[in-house]
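The values are calculated or read from the model by the stated rules, or taken from the named source; none is laboratory data. Keep in mind that this is a model prediction, so the values were computed, not measured. Counting neighbours? That spans all protein chains shown, and the Cβs are built from the backbone with ideal geometry, glycine included. Please note that ligands, DNA and RNA were not included when accessible areas were found on the heavy atoms of the full protein model with its side chains. Shrake-Rupley method; radii C 1.70, N 1.55, O 1.52, S 1.80 Å.
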Amino acid sequence: TQISGYRADEVISKLGLLSSCRIEANGFSGGIWILWSDNVHHLASLTDSWDEPWLVAGDFNSVLYVFEKRGGSNADLGCCESQFTWSREGLSQRLDRAIGNAKFDSFAPKCLVQNVHRLKSYHHPVWVTLKPRRVNRTKYFHCLNSWFLHSEFRSLVSSNWNPDESVVNLMEKFRPKVQEWNKSVYRNIFSRKKQLIHEIKNIQRLLDLKSNDRLRRKELDLRQTLEDILKHEELSWFQKSRSVWLSGGDRNTKYFHGRTLTRRRRNIIKGLKLDRTNWCFDLDILKQHVVGFYAKLFALDYPIVGCLPCTGKFQGLSLIEKGSLEMKLTDLEIHNVIFGMSPLKAPGVDGFHARFYQSQWDIVGPSVCSMV
């Protein structure tokens, strides 16, 4: 600007911006003004000041990590997909992004952020979808950790377990039984939680109008039932979060819920580079490509002739070591292996994790030992 001196002071004071820095105009060369308000907060303070879900998206004009820049003075260190949103004259950077707080993560857990192709601008438009297109996926059976807290689960296992049958057949027959039990007896804990809270609110409204011993006892019973449901809910989110610890004291449901949402978003494959150049986001094409890739990977397309040239490359076994390999496994060894497993790690193909066998060992243990 050509304005300087006292006139510049008057303009700045009328704008109402308390902080400023300027270089005065010199002849025909215009000056430079930088004006800002002290009321502008850093994004980090939004989490503490706003208690509601919020999302900020756009051009932040800032690179957070080295791998978000290619060209110039820094080299690209590599990443799983292209993160760059701004390109000009051989320099590419990720300047545009979407940032939200933890409550927005719960408000829109399936939120999808995409960098759309650019036309005339140097920037890629940022497209934020709160509810992406729903994909019909096959739901696989998973044994719930909270089932073991139910008083009838143990009797369900005992009544449907025949030691004379193989473990594979028993698990195949037990799976539909426990699914039916889950629907009719255990039921959805989140729906039960809402129903109990609604009943407690109604009773408390009645107690505000008139004191009643029967309603007071009913309220205590419902609150105790709700406490049990909350424990089941915590264990459910703990299992889904794949955390390896569970602390006592205050409930960790909120923490486990956040961990679960983060893990799900990280595990979702939104696109792949099929020919190392172009990205593909079509789900049907992605499915065909993944199936074809692993079918080719595990296919045997070459013959094996002779033996591998490894004679003398490995240390030989002694007679005692060879004899130990022929020894039969004891039930104690099988027990120690089962109980040495992490209880809630990824379950087997039948959907039952190690916690099921550990908690019901006196019922299922003899069959497992016989199978081994």
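What to note about this one:
- Probe 1.4 Å, protein heavy atoms only - accessible area per residue of the range 123-238 in square angstrom: 69 Å²
- Restraint check, Lys139/Lys273; Lys139/Lys287; Lys273/Lys296; Lys139/Lys177, Cα-Cα greater than 22 Å: Lys139/Lys273
- Peptides ranked, highest mean first, by Cβ atoms within 10 Å: ranges 358-369, 213-224, 317-328: 358-369, 213-224, 317-328
- Shown are Thr225, Thr129, Thr277, whose ranking by accessible area with a 1.4 Å probe and every protein chain present, most to least, is Thr277, Thr225, Thr129.
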